[in-house]
Amino acid sequence: NYHPIVPLHAHLHTPPASTTMVGLPSMLAAAMVRRQIRPVLAKSIASQTHSFLLSHPKDVDQGEPYPRGRVVCITSGKGGVGKTTSAASFAFGLALRGRKTCVVDFDIGLRNLDIHLGMERRVIFDFVNVLMEECTLNQALIKDKREGNLSMLAASQTRDKDSLTVDGVERVLSELSEQFDYVVLDSPAGIESGARHAMYFADDAIIVTNPELSSCRDADKMIGFVSSRSRRAEIGSDAKEVSQTLLITRYEPARVRQGGLICIFHH
């Protein structure tokens, strides 16, 4: 009975400076407000040293038409909260709205996105094959048979996450952003290599959480990581902060009444 609440709205077109809160428990809301008052930013070194193969973030902050596609990272702190289901639904919804969309599985070694999209029998080349230049990007992309605006880049099942490098990921995202309006990244949970590489280049981030204390605590941690360790954070004042939206999944009013889940509404 899992129905992801996918915010297909204008926030992705004109990202707000503050974090969008979708059904937010008061504990997490307070933590987010504190972060907005005193944001933690890394040193602004990228603007001086980075060659910007994937163009400068400010290029997509000026409104449509964008010179490249927006990069949207679907992430979480805790595993099993519904990231992949939400990423697949979100990407499919964008495609239905006429946006040319590619969804990329960053969970190297444990791919599942292909199953959610019904493409598991069509994977020949994957993300790591493209990184290693064992095939072209277009050879690895799989087009959805139901919706022509949607494509998928599968993760590898046999390689490990050490295959990911910042330069390699940037090269692939640069190519994708030239072909698609939106590049949706299905990140692994936590702060390991796949998640760090996915969130680093994000223009927008959707933090997925369940209304449970452990899940909310980990989501708060992820909000801080995205705010401080993204490329936009490194660039500093030359780019807007990553636009973050909190997505609450598996909210069951009956379990809330029984005390099993956090109530997300103020009474």
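The values are calculated or read from the model by the stated rules, or taken from the named source; none is laboratory data. Everything numeric here is computed off the predicted structure, so don't read it as measured data. Cβ sites come from the backbone with ideal geometry, for glycine too, and all protein chains shown count toward neighbours. Note: areas computed on protein heavy atoms with side chains; ligands, DNA, RNA excluded. Shrake-Rupley method; radii C 1.70, N 1.55, O 1.52, S 1.80 Å.
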Determine one quarter of the surface area of the Cα convex hull of the range 104-191, which equals its mean projected area, and express it in nm² to one decimal. 5.6 nm²
Rg over Rh, two decimals, the range 123-267 (C-alpha only, Kirkwood Rh): 1.03
Net charge (Lys, Arg +1; Asp, Glu -1) of residues whose beta-carbon lies under 13 Å from that of G260, G260 excluded, is +1
Per residue and in cubic angstrom, what volume does the convex hull of the Cα atoms of the range 196-267 have? 92 Å³
Taking a threshold of 31 Å on the Cα-Cα distance, which of the pairs K145/K240; K58/K83; K145/K221 fall above it? K145/K240; K145/K221
Dipole moment magnitude, nearest 20 debye, the range 83-217 about Cα centre, only Lys, Arg, Asp, Glu C-beta charged: 480 debye
Heavy-atom surface of the range 144-267, accessible at 1.4 Å and reported per residue (Å²): 41 Å²
Taking the alpha-carbon centroid of each part, what is the distance from the range 100-153 to the range 189-215 in angstrom? 20 Å
For the range 59-99, the percent of all C-alpha pairs falling in each 5 Å bin, from 0 up to the bin holding the max distance, is 5, 20, 19, 21, 17, 11, 6, 1
When the accessible area of the range 144-221 is computed with all protein chains present and a 1.4 Å probe, what percentage of it is carbon and sulfur? 44 percent
